[in-house]
Amino acid sequence: MLRTIAISGVLAGEAAFGSLAAQQITEPPRLLDDIKFLTDDRLQGRATGSPGADSAAEYLARRFSEVGLQPAAGGWFQSFTLGRDAPATAPAAGALIGTHVIGILPGRDRVLRNQTVILGAHYDHLGLGGFGSLDPDSTGAVHNGADDNASGVSALIQVAARLAASPPARTVVFIAFSGEELGLVGSSYYVKQPIYPLTGTLAMVNLDMVGRLRNGRLIVYGVQSAKQFPALLDSLNWYAGFDLKAQGDGYGPSDQSSFYAAHRPVLHLFTDLHEDYHRSTDDWQKINLDGLKRVADFTLGLVTALANRRTPLTFMEAPPLLPNHASNPAPGSAGYGAYLGTVPDLTGSPGGVRLVGVRAGSPAEKAGLRGDDIITRIGGMETPDLEAMTDALRSHQPGDTVDIVVRRGTGLTTLRARLGTRGG
Ligand SMILES: [Zn+2]
């Protein structure tokens, strides 16, 4: 009860829309049922393009409808073909068709309803292991992906159900993404073919791995992607009482990266890694159901606040010359080398290092590198993976000019970059 009253209080302060009390006291429907359905062995781990993933998509469209969402313009499903619409980054990619499930809750403000807030969660997982699995011995075993990411999808449905009882001012677009585990290819496709214009998209909130809350610790990435986010999260958490770790820009190994690369403010809610991550042991029995409900409550408050706020958010680009994961070891670490400023896809991509974006003003940007490029060679050294790319950069000095070979679409392109130093 306390949380109910408190969240309504936040919203009263954030925007002058009605109380959420009625929807708060309704017990969220079927949270665990949704997780159990998605993680049943019958769905075979929901690999993008598999019959199990198609069953999941059908189920999700039905659930979206049941909880009061409407199909997006064009219907519940948006499909893309790997290798044609989206870069093929997985060994088996080429003829796979991925399908997003998209439902909307039309906004109730006559003007603001033309703008959207996106709540996303990917429903695909690793199938029978192999590519993407951290457990080579488990190839052939169903990877059910309960935390990754049946947790996020079930929380998304719960938020949809409760928001439908009292729609906010802006239109909320709920997207169950496919193609995440193959390297964010599904969300990359969406930002190129958005159903609703990205210019009218206030923010994208991503739920990925939110089912293992421990010690109340909730991580929110992307807080630096909009000027208003720190204060907003603080005020919401004052009532929610998480040990909240709000940090970072909008780049990270999940779908929010695609939206951030398209210059939208993003947030990624996350209850951290665990020993079952990307293994066949990520099962529903290990979900912290109470914790998941708390995250869903928090997300409901967050999406409501965003969808009701009167003023736009101020997008903040990542600081231009921040170090990034691969090409820049921490200052002072051994072999600190030249700076390129790429943002690699940390989920990995065979045959090279796929980028989700480049830092503003960086040597990478000046050289013409961009998101979706797959770097295969730097200065004559092959770069099959992040480690090799780091080595290639370490072998150069700031100021060096290097040729960078990238796979872009179906062709190879050579770009020339003048490497810099971090912070200069
Ligand atoms: Zn994953």
Accessible area in square angstrom per residue, the stretch 338-424, 1.4 angstrom probe: 42 Å²
Gyration tensor (Cα) of the stretch 84-233, equivalent ellipsoid semi-axes in angstrom: 29, 20, 14
Charge dipole (the stretch 75-220, unit charges on Cβ, about Cα centre) - positive-most of Ala165, Gly179, Val191: Ala165
Over 31 Å (Cα to Cα) - which of Lys245/Lys286; Lys192/Lys293; Lys245/Lys366 fall in this group: Lys192/Lys293; Lys245/Lys366
Stretchable slack from Arg62 to Arg108, in nm (0.36 nm times residue separation minus alpha-carbon distance): 14.2 nm
FRET efficiency estimate (nearest 0.05) - Cβ-Cβ, Met381 to Ala95, R0 41 angstrom: 0.80
Heavy atoms of Lys227: accessible area, 1.4 Å probe, square angstrom to 10: 130 Å²
Å² of accessible area per residue within the stretch 179-225, as computed with a 1.4 Å probe and no ligands counted: 28 Å²
Where Thr383, Thr414 fall by accessible area, highest first, once all protein chains stay in place (1.4 Å): Thr414, Thr383
Cβ-Cβ FRET estimate between Trp238 and Lys293, R0 fixed at 25 Å, reported to 0.05: 0.85
Probe 1.4 Å - accessible area at Phe298, Å² to nearest ten: 10 Å²
Surface/4 estimate of mean projected area, convex hull on alpha-carbon atoms of the stretch 208-279, nm²: 4.9 nm²
Asp391-Leu412 pseudo-label distance in nm [points 7 Å out on the Cα-to-Cβ vector]: 1.9 nm
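The values are calculated or read from the model by the stated rules, or taken from the named source; none is laboratory data. Model, not experiment: these values are computed from the prediction. Heads up, the Cβs are rebuilt from the backbone with ideal geometry, glycines too, and the neighbour counts pull from every protein chain shown. Note: areas computed on protein heavy atoms with side chains; ligands, DNA, RNA excluded. Shrake-Rupley method; radii C 1.70, N 1.55, O 1.52, S 1.80 Å.
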